[in-house]
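Undergrad: Structure incoming, see below.
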Amino acid sequence: MERVRRKALVDAALRVIGDHGSLTVTMSDIARQAGVSPALAHHYFGSKEQLLIETIRSLLRQLRNDTVAALKAARTPRARLSAVIRVSFHADQFAPGTIAAWLAFYAEAQRSEETRRFLVIYARRLRSNLLADLKVLLPADAAERIAEGAAAMIDGLYIRQSLKSAPIGIEASIALTEDYLNALLAIASPSPRSEKGRPHRTTQGQMT
């Protein structure tokens, strides 16, 4: 029952933050949304700040689990890159309330070291997931540059959606990011001519 109620409070916090568009919510607001008393909310989390930290942790945990599952299903480095992009715009992550919550956490990170730490974890994880397969396809310097650009594009589309400056849907966001990646891969990929004269390995590992 404790686990169920804690999850209910985290889900309620996400909805309330999304509705308000900021973290200026009260424990009473969250408890009311969850259908429990403020005293019970304090019993499980101690303070609003701890509940908010658990909320961002739950967002990161869900994103990590979705990414791991998507990467396992992908068969090639390029397919794995597409999997990372698609997961970033998964319906659960792209829901208006969730996007508003992410933006609120970014604002809070200017004041809260703990919130900033979690957002740094997210940014490093996204970059690492992109870079791992880009390095298979490209020279290291190009891979790092494109990973940074793709990660920035993903985050930028989130911010634009949240601000409603250019509201677009999931598939359009994926297509924009894929177009960027395809264009940079085409430019940065080693040309066939540059590969001439290099030794190649056979399936037995011998040089040819």
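Undergrad: What number results when the radius of gyration of the range 1-80, computed over Cα atoms, is divided by 2.2 N^0.38 Å? Mind showing how you got there, number by number?
TA: Values: Rg = 15.8 Å, N = 80, 2.2 N^0.38 = 11.6 Å.
Here the Cα radius of gyration is 1.36 times the empirical estimate.
Undergrad: Each residue of the range 98-107 in order: what ³J(HN,Hα) in whole Hz does its phi give by Karplus 6.51 cos²θ - 1.76 cosθ + 1.60, θ = phi - 60°, with x for Gly and Pro?
TA: After applying 6.51 cos²θ - 1.76 cosθ + 1.60, I find 5, 4, 4, 5, 4, 5, 5, 5, 4, 5 Hz.
Undergrad: Given just the C-alpha atoms of the range 126-190, how large is their convex hull per residue in cubic angstrom?
TA: 76 Å³
Undergrad: While we're looking at this one, here's another question. Name the residue from ALA183, LEU71, HIS90 whose Cα lies farthest towards the positive end of the charge dipole of the chain, charges +1 on Cβ of Lys and Arg and -1 on Cβ of Asp and Glu.
TA: LEU71
Undergrad: Determine how large the accessible area of ASP133 is when every protein chain is in place; take a 1.4 Å probe and give Å² rounded to the nearest 10.
TA: 10 Å²
Undergrad: Roughly how much of ASP92 is accessible, in Å² to the nearest 10, using a 1.4 Å probe?
TA: Taking all protein chains as shown, ASP92 has close to 90 Å².
Undergrad: What does the highest-first list of 24-30, 43-49, 111-117 look like by mean Cβ count within 10 Å?
TA: Values: 24-30: 16.6, 43-49: 15.0, 111-117: 13.3.
Put in order of decreasing packing, that is 24-30, 43-49, 111-117.
Undergrad: Sorted by mean Cβ packing within 10 Å, highest first, what order do the peptides 52-60, 118-126 take?
TA: Details: 52-60: 19.0, 118-126: 15.3.
Most protected by this proxy first, the peptides run 52-60, 118-126.
Undergrad: Moving on. Please enumerate, by chain and number, the aspartates and glutamates with C-alpha under 16 Å from the C-alpha of LYS72, excluding those fewer than 8 residues away in the same chain.
TA: Output for LYS72: ASP133.
Undergrad: Further, regarding this structure: Over the Cα atoms of the chain, what Rg and Dmax result, in angstrom?
TA: For the chain, the Cα radius of gyration and maximum Cα-Cα distance read 20.9, 73 Å.
Undergrad: Mind grabbing the accessible area of ASP141 for me, 1.4 Å probe, Å², rounded to tens?
TA: 110 Å²
Undergrad: While we're on this one: Suppose the Debye formula is applied to equal point scatterers at every Cα of the range 43-90; what is log10 I(q)/I(0) at q = 0.18 Å⁻¹?
TA: -0.59
Undergrad: Return one whole number: the accessible area per residue of the chain in Å², for a 1.4 Å probe. Please list the in-between numbers first.
TA: Working: 11670 Å² over 208 residues.
Each residue of the chain exposes 56 Å² on average to a 1.4 Å probe.
Undergrad: Quick one: pull the percentage of alpha-carbon pairs in the range 28-124 with a separation above 17 Å.
TA: Values: 2773 of 4656 pairs.
Tail of the P(r) past 17 Å holds 60 percent of the pairs.
Undergrad: Rounded to the nearest percent, how much of the accessible area of the chain (1.4 Å probe, protein heavy atoms only) is carbon and sulfur?
TA: Details: 6420 of 11670 Å².
Roughly 55 percent of what the probe reaches on the chain is carbon or sulfur.
The values are calculated or read from the model by the stated rules, or taken from the named source; none is laboratory data. Everything numeric here is computed off the predicted structure, so don't read it as measured data. Here Cβ is always computed from backbone atoms with ideal geometry, including for glycine, and neighbour counts include all displayed protein chains. SASA here: full protein model, heavy atoms, side chains in, ligands and nucleic acids out. Shrake-Rupley method; radii C 1.70, N 1.55, O 1.52, S 1.80 Å.
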